[in-house]
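The values are calculated or read from the model by the stated rules, or taken from the named source; none is laboratory data. Note that the coordinates shown come from a computational prediction; the quantities given were computed from them, not determined experimentally. A quick note on method: Cβ atoms are made from the backbone with ideal geometry, for glycine too, and the neighbour counts reach across all protein chains shown.
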Amino acid sequence: MSLRIRRDDTVVVISGKDRGRTGTVVSVDPTRERVIVEGVNIVKRHQRPNPAAAPGSPASQGGVVEQEGPIHVSNVMLVDPKTNKPTRVGVTRGEDGRATRVARRSGQQID
């Protein structure tokens, strides 16, 4: 399945505990329809020390590690590059036949 939100997009969270927060998409999981947004949905993970990891890294020490958790793609909206407000995303085909994403709010091409 193809999602309309991609890595390195700037998105705003529209529902949940982090509603209103903005961040950059770190990764996208299209099969589970989830995205990981930088600095949003921070969860605590209890991690066992890993002696095989590089010395000084958080994995080698273990303990409670904070990291971003996944968010369902329906709970985020792309930020319009022109107006800096949340917008829906449309897909149009150019004269060369390639699909391009378009911000519905301003009509501006995203990529």
Near pairs, Cβ below 6 angstrom, 6+ apart or cross-chain, from region 82-101 (more than 19 Å from ILE5 (Cβ to Cβ)) to any residue that is part of a strand (DSSP E or B) and modelled with pLDDT of 95 or more: none
Matching residues in region 57-98 (surrounded by 12 or more Cβ atoms within 10 Å (Cβ to Cβ) and part of a strand (DSSP E or B)) number 14
I'd like the full set of residues that are among the hydroxyl-bearing types (Ser, Thr, Tyr) and in contact (Cβ under 8 Å) with a residue 40 or more places away in the chain, limited to region 22-45. THR22
HIS46 - would you say it is out of contact with any Pro (no Cβ under 8 Å at 6 or more places or on another chain), closer than 20 Å to SER15 by Cα and either of a type outside the set (Gly, Ala, Ser) or loosely packed, with under 13 Cβ neighbours inside 10 Å (or both)? no
What pairs can you find where one residue is in region 46-58 and under 22 Å from GLY69 (Cβ atoms), the other is in a strand (DSSP E or B), and their Cβ atoms are less than 6 Å apart, with a gap of 6+ or different chains? HIS46/VAL64; GLN47/VAL65; PRO58/VAL65
For region 1-29, give me each residue that is assigned to a strand (DSSP E or B), out of contact with any Lys or Arg (no Cβ under 9 Å at 6 or more places or on another chain) and not aliphatic (A, V, I, L, M). THR10, THR22, GLY23, ASP29
Residue ID - farthest from the chain's Cα centre (by Cα), chosen from residues in region 1-32 that are among the acidic types (Asp, Glu) and either within 14 Å of GLN67 (Cα to Cα) or surrounded by 14 or more Cβ atoms within 10 Å (Cβ to Cβ) (or both): ASP18
Answer yes or no as to whether ARG101 is surrounded by fewer than 12 Cβ atoms within 10 Å (Cβ to Cβ) and either out of contact with any Pro (no Cβ under 9 Å at 6 or more places or on another chain) or farther than 20 Å from ILE36 by Cα (or both). no
Just to be sure before I move on: is ARG32 closer than 25 Å to ILE14 by Cα, assigned to a loop (DSSP other than H, G, I, E, B) and of a type in the set (Lys, Arg) in the structure I sent? yes
Assuming VAL64 fulfils every condition listed in (1) within 19 Å of LEU3 (Cα to Cα); (2) in contact with a Lys or Arg (Cβ under 8 Å, 6 or more places away or on another chain) apart from one, which condition is it? (1)
